[in-house]
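Asker: Structure in structure tokens, see below.
What follows is calculated from the coordinates using simple rules that are stated; it is not laboratory data. Given the structure is predicted, the values throughout are model-derived calculations rather than measurements. In this analysis, Cβ positions are derived from the backbone assuming ideal geometry, glycine residues included, and neighbour counts consider all displayed protein chains.
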Amino acid sequence: MPAHADQFSLTTRGKGTYEITSQVERIVQASGIKTGTVTVFVQHTSCSLVIYENADPSARTDLHEFFERLVPENTPWFVHTCEGPDDMPSHIRMVLTRTSEVIPVMRGRMTLGTWQGIYLFEHRRAPHTRSVVVSVVGEK
């Protein structure tokens, strides 16, 4: 079965969601795979991937606020804080979301819904450069 893999880097400005749909789509198209799946994987433990609403930015604002309240910084009983108060919360937020997403490919394109986009969800306050690996498997 044909397979194609590639990767790209994304520099974040700190906490928030960063759409990566177009970068993944370019890799899918370059693969020549017409029917199959694409797996998107982020190689870090303090950020994650989500498929989320891409039409109204207020949905992402609400997501950010929800995670701030769900896993707050400066929680007094966190032990793993050597890199600052956002260290342990970033790891927990990653575990609550995902480090990979699998999307079907049909007719050479991802089959995301009308209002869906792929986002890297940065959980750290400081800017980081994140590595994303994309693997496309299927039939040409």
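Asker: What residue, of Thr114, Thr81, is closer than 30 Å to Thr37 by Cβ, more than 17 Å from the chain's Cα centre (by Cα) and β-branched (Val, Ile, Thr)?
Answerer: Thr114
Asker: Based on what the data block shows, is Val50 of a type outside the set (Asp, Glu), closer than 23 Å to His4 by Cβ and either touching a helix residue (DSSP H, G or I) at 6+ places or on another chain (Cβ under 7 Å) or not in a loop (DSSP other than H, G, I, E, B) (or both)?
Answerer: Spelling it out, it is not the case that Val50 is of a type outside the set (Asp, Glu), closer than 23 Å to His4 by Cβ and either touching a helix residue (DSSP H, G or I) at 6+ places or on another chain (Cβ under 7 Å) or not in a loop (DSSP other than H, G, I, E, B) (or both).
Asker: Here's another thing I want to ask about it. Here are some residues: Arg60, Arg93, Arg98, Arg69. Which one is among the basic types (Lys, Arg) and either surrounded by fewer than 12 Cβ atoms within 10 Å (Cβ to Cβ) or on the phi > 0 side of the Ramachandran plot (or both)?
Answerer: Step by step, each of Arg60, Arg93, Arg98, Arg69 is checked, and only Arg69 is among the basic types (Lys, Arg) and either surrounded by fewer than 12 Cβ atoms within 10 Å (Cβ to Cβ) or on the phi > 0 side of the Ramachandran plot (or both).
Asker: Just the residues that are assigned to a loop (DSSP other than H, G, I, E, B) and of a type in the set (A, V, I, L, M), please, taken from region 1-44.
Answerer: Met1, Ile20, Ile33, listed by residue number.
One line per residue, one yes/no per condition, for (1) over 14 Å from Glu122 (Cα atoms); (2) of a type in the set (Val, Ile, Thr); (3) in contact (Cβ under 8 Å) with a residue 24 or more places away in the chain:
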{"residue": "Arg26", "(1), (2), (3)": "yes, no, no"}
{"residue": "Ala30", "(1), (2), (3)": "yes, no, yes"}
{"residue": "Val40", "(1), (2), (3)": "yes, yes, yes"}
{"residue": "Val50", "(1), (2), (3)": "no, yes, yes"}
{"residue": "Asp62", "(1), (2), (3)": "yes, no, no"}
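Asker: Find the residue count for region 84-140, including only residues that are under 18 Å from Thr11 (Cα atoms), of a type in the set (D, E, K, R) and part of a strand (DSSP E or B).
Answerer: So the answer is 2.
Asker: I'd like to check something: does region 61-72 contain any residue that is closer than 14 Å to Gln116 by Cβ, more than 14 Å from the chain's Cα centre (by Cα) and not aromatic (Phe, Trp, Tyr)?
Answerer: no
Asker: Could you please give the count of residues in region 68-126 that are aromatic (Phe, Trp, Tyr) and within 22 Å of Ile20 (Cβ to Cβ)?
Answerer: Here the count works out to 3.
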